Structure formats: structure tokens, C-alpha cells
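The values are calculated or read from the model by the stated rules, or taken from the named source; none is laboratory data. Remember, it's a predicted structure, so these values are computed and weren't measured experimentally. Using ideal geometry, Cβ is built from the backbone for each residue, glycine included, and neighbour counts are taken over all protein chains shown. Side chains are part of the model used for accessible areas, which takes the heavy atoms of the whole protein and leaves out ligands, DNA and RNA. Shrake-Rupley method; radii C 1.70, N 1.55, O 1.52, S 1.80 Å.
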Amino acid sequence: MEKSILIIEDNKYKMSHIKDALFEKHNDINLIVCSSRNEAMRIIMNNRDIELIILDWNFPAYADDYPVKGMGKYILNMLSVLGIATKVIICSSENISIEHSNVIGQILYNPNTILSFEEFDELITKSR
């Protein structure tokens, strides 16, 4: 069965840049995208073929709601509670200092920067 990458990101502009960075060298991947905690947890619980999660740090609990600071930590905690060892790349505008067995790296991103395709490629290769 084909493995998938789950992107949890509520900013459409940033989501577009992440997709471009991923498809630069990995155009054969299956992307699943969502923008809220509830949607992300539903996908994680129902899809054990996710090999990598690209995780924003601040995003809403519910669709069309306001972002919640540190919601990414909730997702990481739930992965631990559920015993899910899926690798995670944090992609956030703030430098997150967190030690978690699932996290393989962080990519800093803000609207004034361009995502590094090489940095994404290196972390994706590391996740496989």
C-alpha cells in the first residue's frame, strides 16, 4: 500500500509552499492535507499508512476557528498516547524547542522566506 504524507497547516499560502517543496523531488507521494486538530486526529486514527507528518505549531482545533498556540504539541502528545511512531517535521515560524521521539527536524518558515527544497528533501529522506 502506498505511504502518505500528512500536512497539518491552516495557512493556504504556506500549504502551497510546502506542497511545492515536497513535489520538487518527490512527485510520486500521496499528500493528505488538513487544517485543524479534529480533522488531523480523524485522519491519523483512520490511516495507518502515514509515513510522515509535516506539522504546523499553531492551528485551530476546529475548522474555521482561530489558531491555538501550541496545538502541535497536542498532536505530538496524542501520537505518544496512541503509540504511533510516525515521523514528524515541525514547520513553523517560531523556533520550537521540543524533545519528542517522533520529531526528526524542524523547518523555520515565515511569509517572508522561501522554503528550502533541499532542507525538506534531506528531512524526508531521513524519515524513510
Query raised in the report: Measuring from label point to label point, each 7 Å out along Cα→Cβ, what is the LYS126 to ASN38 span in nm?
Result: 3.4
Report task. With no solvent and one equal point scatterer placed on each C-alpha of region 9-60, evaluate the Debye formula and give log10 I(q)/I(0) for q = 0.16, 0.25 Å⁻¹, two decimals. Result -> -0.49, -1.10
**Report entry** the chain, dipole about Cα centre (Lys/Arg Cβ +1, Asp/Glu Cβ -1), debye to the nearest 20
**Finding:** 320
Report task. Quick one: order ASP56, ASP20, ASP121, ASP64 from most to least accessible surface, probe 1.4 Å. Result -> ASP64, ASP20, ASP121, ASP56
Query - Enclosed volume per residue, in Å³, of the convex hull spanned by Cα atoms of the chain - result: 99
Report task. Could you pull out every residue, at least 5 positions away or on a different chain, whose amide H is within less than 5 Å of the one on PHE59? Hs are placed 1.01 Å off N in the peptide plane, and Pro or chain starts have none. Result -> VAL68, GLY70, MET71, GLY72
Query raised in the report: Please state the relative contact order of the chain as a whole percent: Cα pairs under 8 Å, 6+ residues apart?
Result: 24
Requested in this report: Give the percent of DSSP beta bridges with both residues in region 1-117 that are antiparallel, rounded to the nearest 5.
Outcome: 5
Report summary line: Computed ³J(HN,Hα) along region 6-12: with the Karplus parameters 6.51/-1.76/1.60, θ = phi - 60°, integer Hz and x for glycine or proline, the list is 9, 10, 10, 7, 9, 9, 4
Query - Distance between modelled label sites at ALA61 and ASN77, nm, 7 Å Cα→Cβ extension - result: 1.1
Report summary line: Expressed per residue, the solvent accessible area of the chain in Å² (1.4 Å probe) is about 55
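In deg cm²/dmol and to the nearest 500, what is the mean residue ellipticity at 222 nm of the chain if only DSSP H runs of at least 4 residues count, each as -39500 (n - 2.57), divided by the residue total?
My calculation for the chain gives -10500 deg cm²/dmol from helical runs alone.
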Query raised in the report: Can you list the HN-Hα couplings for region 90-99, worked out from phi with the Karplus curve (6.51, -1.76, 1.60; θ = phi - 60°), rounded to whole Hz and with x for Gly and Pro?
Result: 7, 10, 9, 7, 10, 6, 8, 9, 9, 9
**Report entry** Solvent accessible area, Å² - LEU108, 1.4 Å probe, full protein context
**Finding:** 100
Requested in this report: Give, in nm to one decimal, the length gained when the segment between SER4 and ASP20 is fully stretched (0.36 nm per residue of separation minus the Cα-Cα distance).
Outcome: 4.2 nm
**Report entry** Of LYS3/LYS126; LYS3/LYS69; LYS25/LYS73, pairs whose Cα-Cα distance is over 18 Å
**Finding:** LYS3/LYS69; LYS25/LYS73
Query raised in the report: Considering only protein heavy atoms and a 1.4 Å probe, what is the carbon-and-sulfur percentage of the accessible area of region 38-84?
Result: 52
